[in-house]
Structures are given as C-alpha cells and as structure tokens.
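What follows is a short report on a single structure.
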Amino acid sequence: MEELKIQIELDPVNDKIIQFPGNARKIKSDISNPMALVVGTDSNFRTVSTRELDRMLEALGDDGLAYSLCDDYAMVFSSKAIVYTEFGNYLVGSAVFMKTGRDSRIKELSDLDIKAIRTLFERSLVKLSCASVSFKAFPLEHDYGEAA
C-alpha cells in the first residue's frame with residue numbers, strides 16, 4: 001500500500017512531507033473556489049486562480065483600469081479594449097471580475113457570485129455596429145476620454 005507520510009511536530013523548520021506515495025511528486029489542490037472570473041463581451045467566461053489573477057493584473061500594468069460593478073464586485077480591463085463613440089465609452093473584449101469586501105480584500109467567488117457577475121454583466125451589454133457588422137459591448141459610465 002502506497003503511503004504519504006507527513007512529519008508535523010509544530011516545528012516550521014523541519015516539518016514537511018517525508019515520504020511520497022510511489023513515484024508521485026505532483027500535489028493536487030482541492031481548492032475549488034476561484035478568485036476571479038473572466039467574462040467576455042461575447043458572453044464566454046472562465047474562472048481563474050489566485051496565481052493567474054496575479055499574472056493578469058501584473059501584465060495589464062498601467063493599461064489596466066478598474067471599474068465597480070455594484071458594491072460587491074470590481075472589474076479590471078485593458079484601456080486598449082475601450083471603444084469611443086459619440087454616445088459614450090464601451091468595453092469590447094473581456095474583463096476580470098473580483099469580489100471585494102469592506103476591507104477591500106479580494107474574496108473567493110462562490111457559484112452564486114459567478115452567476116451574479118455574469119447576469120449583471122450580460123444584462124448591461126448593448127449592441128454596437130461598425131459598417132454592417134454588429135457586436136456586443138459593455139457601456140462604461142466613466143468618461144475615459146478619447147483614444148490617443
């Protein structure tokens with residue numbers, strides 16, 4: 001019988017896994033709640049882990065803009081995804097959504113959070129067109145100015 005042995009003697013210097021089962025070394029996580037949700041204006045979506053969220057936010061850098069979606073959720077997107085029209089600014093592309101608490105910390109998303117974010121986002125989408133092609137966009141209430 002393969003066994004995993006963990007030494008815990010309340011000694012952070014020496015406590016560790018001391019024997020893996022067989023040749024296995026890869027550890028799987030049972031953490032099921034994602035930290036963020038990416039939703040596109042095409043209605044596709046996916047969840048992301050803390051590590052991937054950190055990578056996305058770092059990659060957005062100075063191009064990242066934050067937007068509040070009701071009191072519980074914040075969305076971050078690239079300024080390059082903004083479409084400017086005579087009637088306002090719109091997001092075309094995708095945004096990453098996070099649940100924020102009163103302490104401004106990012107919280108794990110539950111299934112209800114994911115459903116709420118998708119519903120809030122998708123109900124806000126409007127139809128825009130360019131020539132004879134139409135597409136969905138998310139209206140941004142804040143005036144981000146004109147494209148450079």
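The values are calculated or read from the model by the stated rules, or taken from the named source; none is laboratory data. Fair warning: this is a prediction, and the values are worked out from it, not measured in the lab. With ideal geometry, Cβ positions are generated from the backbone for all residues, glycine too; neighbour counts draw on all protein chains shown. Each accessible area value is taken on the protein alone, full model and side chains, heavy atoms only, with ligands, DNA and RNA left out. Shrake-Rupley method; radii C 1.70, N 1.55, O 1.52, S 1.80 Å.
Excluding ligands, DNA and RNA, what is the solvent-accessible area per residue of the chain at a probe of 1.4 Å, expressed in Å²? Numbers along the way, then the final one.
Numbers: 10670 Å² over 148 residues.
Value returned for the chain: 72 Å² of accessible area per residue.
Carbon-plus-sulfur accessible fraction, the chain (probe radius 1.4 Å, protein heavy atoms only): 50%.
A DSSP coil position with no more than 14 other Cβ atoms inside 10 Å describes the following chymotrypsin sites (Phe, Trp or Tyr not before Pro) in the stretch 46-99: Phe87.
With every protein chain in place and a 1.4 angstrom probe, the accessible-area ranking of Lys107, Lys115, Lys26, largest first, reads Lys26, Lys115, Lys107. Axis angle, to the nearest 10 degrees, between helix 111-124 and the longest C-alpha principal axis of the chain: 10 degrees.
Taking the chain as a Gaussian network of alpha-carbon nodes connected by springs under 10 Å, the highest mean-square fluctuation of the residues Asp63, Asp113, Asp11 belongs to Asp11.
For the chain, calculate the relative contact order in percent as a whole number, restricting contacts to Cα pairs under 8 Å that are 6 or more residues apart. Could the numbers behind the result be given before it?
On the way: 216 pairs, mean separation 29.5, N = 148.
Dividing the mean separation by the residue count of the chain yields 20 percent.
Ordering Arg46, Arg51, Arg105 from largest to smallest accessible area (1.4 angstrom probe), what's the sequence?
Sorted descending by solvent-accessible area, the residues read Arg51, Arg105, Arg46.
Each residue was assigned an accessible area with a 1.4 Å probe, and for Val13 the value is about 130 Å².
Based on the convex hull around the alpha carbon atoms, the chain presents an average projected area of 14.2 nm².
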